[in-house]
Amino acid sequence: MAKAQNSPMKTIRLVAWAAVAVLAIGAAAMLLGEAQKAQQAGQSLPGAARIGGPFELTKTDGTPFSSDALAGKPYAIFFGFTHCPDICPTTLLEMSNHLKTLGDKAKNLNVVFVTIDPERDTPELLKRYLSAFDERIIGLTGSGKDVSKVAKSYRVFYEKVPSKDGDDYTMNHTASVYLMGKNGNLVSTLSFQEPEESRQKKLENLLSR
């Protein structure tokens, strides 16, 4: 994938997305802290710390996909959309690179991309979009109701933002990658602001659990 040229507009977009990501990472860190404290104390997780849950969505080939297929292996899950200008393609490229670096160990990790724009992101469009990245990344879409349910279970924020002329729209959304253990519990998060070495280490740690 060719690197995008720097421009004032790209800088503005990155700053805006960074603000969303900072808030998302802070919230995720708080939830992770609650979960870790509860686990150390042998207590049940508080409601706010429960991240994830069962879901049913649709794969890029149009077939149903159940979260049951993720059971028994750690996975990284990210929410975005195909018309995303910067953060989504950057994150997908980074995850593709991480899978390559993991080598044979990558077979023990599932990477999942869930669209938060099912109105436009049909299975066919999502398939074409993801063809630019590692083929092992699982792309999922579904009805607006089903996508909303999954996003809510992962505490993912998203909203439609109409363009000034009203003819188009973009999406604001949480920019974190959630790292889930083989038991389905949140282990950590990745941020596009993190150094590559830090993200890779988190993935290595996830696989070693």
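What follows is calculated from the coordinates using simple rules that are stated; it is not laboratory data. Remember, it's a predicted structure, so these values are computed and weren't measured experimentally. Backbone-built Cβ (ideal geometry, glycine too); neighbour counts: all protein chains shown.
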Open item on the list: Going by amide H atoms built from the backbone, whose H comes under 5 Å of the H on residue 139, apart from near neighbours?
Closed with: 60, 113
Task: Local electrostatic count at residue 198 - Lys and Arg +1, Asp and Glu -1, tallied over other residues with Cβ under 14 Å - done: -2
TODO: Return the inverse of the average 1/r over all pairs of distinct C-alpha atoms in the range 38-159, which is the Kirkwood hydrodynamic radius, in Å to one decimal.
DONE: 15.3 Å
